[in-house]
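These notes concern the structure reproduced below.
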Amino acid sequence: MHVKRQTVPKSWPVPRKGTKYLIRCHERRNGLPLLIILRDMLKLGRNRKEVKKILNLGFVSVNDKVRKDEKFSVLPFDIIAIKDKRYELGFSDKGKFVLKETTKTERILKIVGKRILRGKKVQLNLIYGKNIISEEKANTGDSVVLKENKILKIIHLKEGKKAIIFSGKYKGKEGKIEKIEDKIAVLSSKTEKINVPIKNIMVIE
């Protein structure tokens, strides 16, 4: 399936002019098709056919799982590995998707809800629809550092922590949390202070 180029999210790093249609991924609202990453961002193939050949060789993994579907949705903060190189999908300070070369093998996701299951087990609901069972003490708004679906660390939402804005007008900007009050956080960067809803930020360190 395809989507009209003119209707893709503004965060996609593709020009508005070109072929009429682009590939549709399963998570169009939040994610980016693997094809766009390999062809348009990393320039590893000139067209879909060449990218599919690369994928079929099993050289590409997302969060340590080999992916061969060019329509697979890569989500913000996912780690893409291609042979001996790793990239994290993030945002520019203009809100556009960018790839940042990294040595990280883990990713960070925000906790957006909690549920108590049978046996008093706790299910943490994370951004972008992911859930994980955990015995860790964590609250909605905190972040988890994940590797192979295991929690390595909890980063608590509080003043003094570094955060990134992942949604809204200031998407992509980072800063230190100076103040939290009435569901609004004040983020301070080198150049500005931003008032942003807590729901739009994720603590990263």
Scanning segment 116-143 for residues that are more than 23 Å from the chain's Cα centre (by Cα), modelled with pLDDT of 85 or more and of a type in the set (D, E, K, R) gives Lys137
Taking segment 80-93 and keeping only residues that are of a type outside the set (D, E, K, R) and buried (at least 17 other Cβ atoms within 10 Å of the Cβ), one is left with Ile80, Ala81, Tyr87, Leu89, Gly90, Phe91
Take Asn125 and tell me if it is loosely packed, with under 15 Cβ neighbours inside 10 Å and outside the structural domain of Asn63 (by TED's automatic domain parsing). no
Could you list, in sequence order, the residues of segment 29-50 that are modelled with pLDDT under 85 and either assigned to a helix (DSSP H, G or I) or touching a strand residue (DSSP E or B) at 6+ places or on another chain (Cβ under 7 Å) (or both)? Gly31
Which numbered condition trips up Ala185, out of (1) farther than 30 Å from Leu42 by Cα; (2) modelled with pLDDT under 95? (2)
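Can you confirm whether Gly58 is closer than 30 Å to Leu187 by Cβ and not assigned by TED's automatic domain parsing to the domain that holds Leu187?
Taking the combined requirement at face value, the residue does not satisfy it.
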Taking into account only those residues within segment 55-74 that are surrounded by fewer than 18 Cβ atoms within 10 Å (Cβ to Cβ) and aliphatic (A, V, I, L, M), which is farthest from the chain's Cα centre (by Cα)? Leu57
Could you tell me whether Phe77 is surrounded by 19 or more Cβ atoms within 10 Å (Cβ to Cβ), on the phi > 0 side of the Ramachandran plot and modelled with pLDDT under 95? yes
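Tell me the residue from Lys179, Lys183, Lys193 that is closer than 17 Å to Asn139 by Cβ and in contact with a strand residue (DSSP E or B) (Cβ under 8 Å, 6 or more places away or on another chain), please.
Working: Lys179 fails: closer than 17 Å to Asn139 by Cβ; Lys193 fails: closer than 17 Å to Asn139 by Cβ.
Step by step, each of Lys179, Lys183, Lys193 is checked, and only Lys183 is closer than 17 Å to Asn139 by Cβ and in contact with a strand residue (DSSP E or B) (Cβ under 8 Å, 6 or more places away or on another chain).
Just checking: which of the strands (runs of 3 or more DSSP E) contained wholly in segment 80-128 hold 2 or more residues that are closer than 15 Å to Ile164 by Cβ? Walk me through it before giving the result.
On the way: elements: 85-91, 97-101, 107-116, 122-126.
Here the list reads 85-91, 97-101, 107-116.
From the list Ser189, Ser167, which residue is touching a Lys or Arg at 6+ places or on another chain (Cβ under 9 Å), farther than 21 Å from Leu75 by Cα and of a type in the set (Gly, Ala, Ser)?
Details: Ser167 fails: farther than 21 Å from Leu75 by Cα.
Of Ser189, Ser167, the one residue that is touching a Lys or Arg at 6+ places or on another chain (Cβ under 9 Å), farther than 21 Å from Leu75 by Cα and of a type in the set (Gly, Ala, Ser) is Ser189.
The values are calculated or read from the model by the stated rules, or taken from the named source; none is laboratory data. What you see is a predicted model, and the numbers here were worked out from it, not measured in a lab. Please note: Cβ atoms are built from the backbone with ideal geometry, for glycine as well, and neighbour counts cover all protein chains shown.
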